[in-house]
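Q: Sharing a structure, written as structure tokens. Questions coming.
Coordinate-derived values only; no laboratory data. In this text, all values refer to a predicted model and were calculated from it rather than measured experimentally. Backbone-built Cβ (ideal geometry, glycine too); neighbour counts: all protein chains shown.
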Amino acid sequence: MKPLLDVRDLTKTYVQRSGLFKRKKIEALKPTSFTVEAGKTLAIMGANGSGKSTLAGLISGAIQPSQGQIILNGQVLHADNYRQRAQHIRMVFQDAEASLNPHLTIGDQLEEPLRFNTGLNQKQRRERTIHTLQQVGLLAEHMVFYPHMMSTGQKQRVSIARAIILNPQLLVADEALATLDSSVRAQIINLLLDLQSDLKMSYIFISQSPEIVRHLADDVMILKEGDILEHGHVDDIFNDPQHRYTQSLLLSELNSA
Ligand SMILES: Nc1ncnc2c1ncn2[C@@H]1O[C@H](COP(=O)(O)OP(=O)(O)OP(=O)(O)O)[C@@H](O)[C@H]1O
């Protein structure tokens, strides 16, 4: 079966000035290749600075690659074609609060991507917005709410609604559950699993929590200093990690979970 996402030799090198004439190269992501099947979840784990957010940013188009290709459904995604990517790949961030505009109603924030990326008229946009709110367990009445009127969990639901409103094929979640307390986190995990089975989306899920990864992911990729250290089925990696780094990641996170 052809994969939904095919990442080939994706690379990101940052160049930083480190003096008047000196430049320092930071290899945030070394040439990285992997695939994600339709409807499946790939989790990405790694210590701080291992390149997780860089990889998420490259896939979502927020960061321009130094080299490499991203192919979605057989089509090469061009780094400068934001519109081409925006419809198919959407991101959910850790801090729902910061990713929502405090001055706009929830309805206006959800309609924004529809205005920019679709030809839907106002009535159709409103219908789609209400439908999407309901898909994430919110109500049509939430259209007129401002973010400060909602709980943390409801705000994360709005972030997810905004991510799925264009019917993307791939959702990239960067530590999207990290700041939620355990009961809200369980609800959002269930919501993500339900949405995936209803909408057949693929997920790339960055998380430091082995508990969440085991629950949500099919495959897991372990990043270390911009390199893939291990990549395989979650059960295989969790039951038999090949590297001490992976073992300590799983252990330290287990202890803090
Ligand atoms: N804009 C930038 N300019 C220069 N270096 C950067 C930039 N963004 C990230 N880096 C560097 O690239 C490397 C990978 O960073 P990245 O944020 O992708 O790691 P991460 O695994 O997401 O870390 P964390 O878990 O702390 O968010 C780090 O060494 C970081 O300092």
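Q: Tell me, what ³J(HN,Hα) does each residue in region 113-121 have, in order and in whole Hz, if you take phi through Karplus 6.51 cos²θ - 1.76 cosθ + 1.60 with θ = phi - 60° and put x for Gly and Pro?
A: Each residue's phi maps through the Karplus curve to give x, 5, 5, 7, 10, 9, x, 5, 7 Hz.
Q: Could you work out the pair-distance distribution P(r) of region 1-135 from its alpha-carbon pairs, with 5 angstrom bin width and percents rounded to whole numbers?
A: P(r) for region 1-135, in whole percents per bin: 2, 8, 14, 17, 17, 15, 12, 8, 4, 2, 1, 0.
Q: Also, quick follow-up: Find, among the chymotrypsin sites (Phe, Trp or Tyr not before Pro) in region 6-48, those assigned to loop by DSSP (not H, G, I, E, B) with at most 16 other beta-carbon atoms within 10 angstrom.
A: F21
Q: Calculate one ³J(HN,Hα) per residue across region 72-87 by plugging θ = phi - 60° into the Karplus curve 6.51 cos²θ - 1.76 cosθ + 1.60, and present them in order as whole Hz with x for glycine and proline.
A: Karplus values, whole Hz, x for Gly and Pro: 10, 6, x, 10, 6, 8, 8, 4, 9, 9, 5, 4, 4, 7, 4, 6.
Q: Tell me, what ³J(HN,Hα) does each residue in region 191-201 have, in order and in whole Hz, if you take phi through Karplus 6.51 cos²θ - 1.76 cosθ + 1.60 with θ = phi - 60° and put x for Gly and Pro?
A: Result, ordered by residue: 4, 4, 5, 5, 4, 5, 6, 6, 9, 6, 7 Hz.
Q: Count neighbours as other Cβ atoms within 10 Å of each site's Cβ, and list the trypsin sites (Lys or Arg not before Pro) in region 1-110 that are DSSP loop with at most 12 such neighbours.
A: Those that pass, being in a loop and sparsely packed, are K22.
Q: Within region 157-224, which trypsin sites (Lys or Arg not before Pro) sit in a loop by DSSP and count at most 15 neighbouring Cβ atoms inside 10 Å?
A: K200
Q: Considering amide H positions built from the backbone, and no H for Pro or chain starts, which residues 5 or more places from M221, or on another chain, come under 5 Å of its amide H?
A: HN-HN under 5 Å from M221: A43, I44, M45.
Q: Subtracting the Cα-Cα distance from 0.36 nm times the residue separation, let me have the gained length for K24 to A178 in nm, one decimal.
A: 52.3 nm
Q: Suppose R0 equals 41 Å; then what is the FRET efficiency for R244 and E141 from their Cβ-Cβ distance, rounded to the nearest 0.05?
A: Computed FRET efficiency for R244 and E141 comes out at 0.20.
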